[in-house]
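Below: one structure, written as structure tokens.
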Amino acid sequence: MKKSVHLITVAVYILSLLLANAGNSAAEETSASTKISHRPPAYFIPGYRIAVKADVTDKAGITVARCYFRATDQADYVFISLNPATDGTYEGILPAPSKETQTVTYLFLAVNGKGKIVKTESFSVNKKEGEEIPAWQQTGSEGNIQVSTELAKAPESVSGFSDSITMDVTESSARFGVVSGGIYAATAGGAGSTAATAGAAGAVGASTGLSTTALVGIGAGVAAVAGGIAALAGGGGGTNPPPDEKPTVLSASPRNGETVSTGLREVTISFSEAMADRHKVTVNSPEWQNADYNWINSTTFRITRVGEGDMPDDAEIVFTLYGGDSGFSDLAGTPLDTYTFSITTGGGISVSW
């Protein structure tokens, strides 16, 4: 165990040098001035495609505009490319969600003319049945929708969506979502924390950005060092750690501190390893007191709000996960340390970056 810790420390030190050098090379460039404005739809009807659009502007111009999306109980995002419409508006069409999909989560990413990247926070839109088809879903169903992934291998299908889809793997030099962090679960462990460090250096801010030239170099360095850390710690991307290590929360969706729609009905939490089939959760909101709890798989836990109506606007919802004998623990019985995260309801307001 001590040897593994020592090797991990060395790997992290090497990575910090790579990031520091990349940060120095980017410091001479001007900050990104990209602005992204978007009003999320109120809901979706399953079985119909969803039109999305955002105002994306930058005095240096926009070279890439994308919408990354997933069904909330899925680990990884895929994306569609957005097409310019008029006066800085970019548009695209998401595939039709299947009947089983409760929530669609998505975000926008843009690259400006100087190669700087800006990424928004994620939006969550919930299913609503028994309604007329809204204007944002009156898109027709003809032809295939081109969907791309930044993972090395494209999935055979896009889980949570039932539509005619053509899948594509993005070239390594254009995998902006991987480097910006928080989009692909494959980088949510060691590589995910590395990507967050790169973000702090200016990769994914609202007014700052890292050059795409630097991103290619950092991406290669992160992959190599993070891969080494995973192998030293036991491999498998952190899903099979030594038995004396405590399980941890890798991510929550929506994320801690995120502003969500008052209609949000589902929260998912991903863990660092396979967990025992038990749980102990408290939520401070009366709208979540009778929630349903279930494991999607051995590492992903879901909380579903039941009952009619939306949550109040501007409310802070606090979720607390407990370890212990009756709470969360891994298969070896090692308990989770108490984990708390919160979200804030924001209705259907327009948010800008």
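Points to keep in mind about this one:
- Matching option when the condition is exposed (fewer than 13 other Cβ atoms within 10 Å of the Cβ) and either closer than 19 Å to Ser124 by Cβ or out of contact with any Gly (no Cβ under 6 Å at 6 or more places or on another chain) (or both), among Asp310, Asp277: Asp277
- Residue list for segment 84-131, filter: surrounded by fewer than 21 Cβ atoms within 10 Å (Cβ to Cβ), among the polar types (S, T, N, Q) and assigned to a loop (DSSP other than H, G, I, E, B): Thr86, Ser98, Gln102
- If you go through segment 273-325 and keep only what is touching a helix residue (DSSP H, G or I) at 6+ places or on another chain (Cβ under 6 Å) and either among the hydrophobic types (A, V, I, L, M, F, W, C) or closer than 17 Å to Val249 by Cα (or both), you end up with just Met311.
- The criterion of at least 1 residues that are over 21 Å from Arg175 (Cα atoms), among the small types (Gly, Ala, Ser) and at pLDDT 60 or above is met by the following strands (runs of 3 or more DSSP E) wholly inside segment 8-75: 35-38, 50-57.
- Scanning segment 132-163 for residues being under 22 Å from Ser251 (Cβ atoms), surrounded by fewer than 16 Cβ atoms within 10 Å (Cβ to Cβ) and of a type in the set (A, V, I, L, M) gives a total of 1.
- Exclusive hit being surrounded by 13 or more Cβ atoms within 10 Å (Cβ to Cβ) and modelled with pLDDT of 90 or more, set Tyr339, Tyr293: Tyr339
- A search for C-beta distances below 7 Å between a residue of segment 72-97 that is at positive phi and any residue that is modelled with pLDDT of 85 or more and outside any loop (DSSP other than H, G, I, E, B), counting only pairs 6+ apart in sequence or on different chains, returns Gly88/Asp55; Gly88/Val56; Gly88/Thr57.
- Residues being part of a loop (DSSP other than H, G, I, E, B) and out of contact with any Phe, Trp or Tyr (no Cβ under 7 Å at 6 or more places or on another chain) - total across segment 149-182: 17
- Test: residue in segment 305-316 that is modelled with pLDDT under 90, within 21 Å of Gln74 (Cα to Cα) and assigned by TED's automatic domain parsing to the domain that holds Ser253: yes
- Breaking point among (1) of a type outside the set (Asp, Glu); (2) under 20 Å from the mean Cα position of the chain (by Cα); (3) at pLDDT 90 or above, for Trp288: (2)
- Looking only at residues of segment 62-83 that are among the polar types (S, T, N, Q) and within 20 Å of Pro155 (Cα to Cα), we find that the one that is surrounded by the fewest Cβ atoms within 10 Å (Cβ to Cβ) is Ser81.
- Long-range neighbours under 9 Å by Cβ, at least six apart or interchain, first residue in contact (Cβ under 8 Å) with a residue 40 or more places away in the chain within segment 280-291, second buried (at least 17 other Cβ atoms within 10 Å of the Cβ) and in a strand (DSSP E or B): Lys280/Leu321; Val281/Phe301; Val281/Ile303; Val281/Phe319; Val281/Leu321; Thr282/Phe319; Thr282/Leu321
The values are calculated or read from the model by the stated rules, or taken from the named source; none is laboratory data. Please read all numbers here as calculations on a predicted model, not as lab measurements. Using ideal geometry, Cβ is built from the backbone for each residue, glycine included, and neighbour counts are taken over all protein chains shown.
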